[in-house]
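What follows is a short report on a single structure.
Values quoted throughout were computed directly from the atomic coordinates according to the rules given, and no laboratory measurement underlies them. Keep in mind it's a predicted model, so treat the numbers as computed, not measured. Note that we place each Cβ from the backbone using ideal geometry, even for glycine, and neighbour counts take in every protein chain shown.
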Amino acid sequence: MTYIPTIGLEIHAELKTKSKMFCGCPNDPDEPRPNHTVCPICMGHPGTLPVINREAVRHMVRIGTAVGGTIADFTEFDRKNYFYPDIPKGYQISQYEYPLVVGGSINGIALTRIHLEEDTASSLHEDAVYSNLNFNRAGVPLMELVTEPVIHDATLASAFARELRTLLRTLGASGANMEKGEMRVEANVSVAQEGAPLGTKVEVKNLNSFRSVERAIAYEIQRHIALLEKGEKIVQETSGWDEAGQKTFTQRVKEEAQEYRYFPDPDLPKLRISRIPEFTDDKVRATLPELPWETRARLVGKLGISAENAELLVQDVALLAFFDEVCTRLKGDSTRIRLAVNYLTSDVLGLVQEGVASLGAIIAQSPAEFAALIDMVADNTVSSRGAKDTLRAWVVEGGDPHAIAEREGLLQVDDDDALGVMAEEIVAEHQAVVEEYRAGKEASLQFLVGQGMKRSKGSANPVRLRELLIAKIAD
């Protein structure tokens, strides 16, 4: 029997703004002191009045425009009423009937809506005995994006979430760091026999990594199928994901929307977006950067970069900006640009993994200096080995790559007299290997070239050294 899974995603992302959604408290996700960035408004004290954060609305309009959604002409905020310890007012200010954005798509996945609300406090549960509440996060601007139920496998759901994170970072709207809780994914999963109506939906909440998104959805799909195969019913509920046990667990029976008793917030004005000059369509589009899918097309289609390396650049806004500046310095030379990509995505990231320096520290250095190093490689001023050693020194200390290579003796040696002496010494010191080469073992010659490169610390021209070695062996 064939079963068809259907998945819809609800994704929350905290927006980057100086202050919270409805008050002047700092929006600082890194504030270490609990309950420090709070005030009577975000703590829900009686008699306080909220004020809409204009920058948060601007972020939402730009996101909606980027995904091809319809920006609301009329929008309002609503009170979503429910009692929970992390909601100090007893309600959350959100949007219900009139969201800021309707429709649009990402990665071909249709969107239902994108709306704006305030975040809740952070709850820290201690050994199931008591909980601590940190209200620093309460009132932070929060985007909620809802997809249509058109996703049919866990891998595609995870890919969608990754692309949304990339878009938010590209727009500067959110850091979207899942490990910090700045982006949280909830998945609505149902399974039905092929040709049958949609099955009973189960919501899996607060998935905090892309791996968890994929694994939780895959697990839930298999759980539904197993129950249906046994003739049992799926219970509509809200579940959590147990990362250690790699399984979902029941949290509570799912509440319906009407149980929240939504009604328009009487303390906040209605918004007519089209009447706000800075939010007109042409002005918003003028602020948009190159979007991730446009960047991929440029890198792969126009510059000839591999899809894998293009993705590494697209995923890091700062690294991409550094690369683009390097490209400008290389004046569009496709060969040198591909060299730059290889050194950035292989050697530079390799040095980051070794702990030589952070990526942020590296790309804070001069793109012109990095481009100069690429020119040295392309012009055979340094060998591949010499370039790697020069790059390592440049990453640590910065400065003119040519001066570094000269100081370290890494500039490529093309002088026949010097290389000839080196070749003669190598042949004399490795007679057994020379005889192996004379007997037809080609790999022996590469060993001899390697000895020369080692002796010169990578500065010898390997092509000319090879020629001179062959000549010396033939003497």
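Things to note:
- When DSSP beta bridges are restricted to pairs lying wholly in the chain, around 95% turn out antiparallel.
- Using θ = phi - 60° in the Karplus curve 6.51 cos²θ - 1.76 cosθ + 1.60, the 3J(HN,Hα) couplings for region 104-114 round to x, 7, 9, 6, x, 8, 5, 9, 7, 6, 9 Hz; x is entered for Gly and Pro.
- Using only side-chain charges placed at the Cβ, +1 for Lys and Arg and -1 for Asp and Glu, the dipole size of region 268-381 relative to its Cα centre rounds to 660 debye.
- Residue pairs, from the table LYS20/LYS180; LYS20/LYS283; LYS205/LYS270; LYS388/LYS454, whose Cα atoms sit over 21 Å apart: LYS20/LYS283; LYS205/LYS270
- Note on GLN236 and GLU406: their simple-model spin labels are 7.6 nm apart, each label 7 Å out from Cα toward Cβ.
- Sequence-distant lysines (8 or more away, or on other chains) whose Cα lies within less than 25 Å of LYS302: LYS331
- Computed extension length for LYS18-ALA428: 140.5 nm, one decimal, from 0.36 nm per residue of separation with the Cα-Cα distance subtracted.
- The lysines whose alpha-carbon is closer than 20 Å to the alpha-carbon of LYS230, local same-chain residues fewer than 8 away aside, are LYS201, LYS247.
- Once backbone amide H atoms are built at 1.01 Å from N, ALA460 has VAL413 as its partners under 5 Å, excluding neighbours fewer than 5 places away on the same chain.
- Built amide H within the under 5 Å cut-off of LYS247, gap 5+: ASP242
- Cα-centre dipole for region 416-474 with unit charges at Cβ (Lys and Arg positive, Asp and Glu negative), debye to 20: 220 debye
- Coil-residue GluC sites (Glu not before Pro) of region 256-318, DSSP, other Cβ within 10 Å capped at 12: GLU256
- Here's the thing: no aspartates and glutamates lie within a cross-link span of LYS441, going by alpha-carbon distance under 16 Å and ignoring same-chain residues fewer than 8 apart.
- FRET efficiency for PHE83 and ARG54, using Cβ-Cβ distance with R0 set to 25 Å, rounded to 0.05: 0.25
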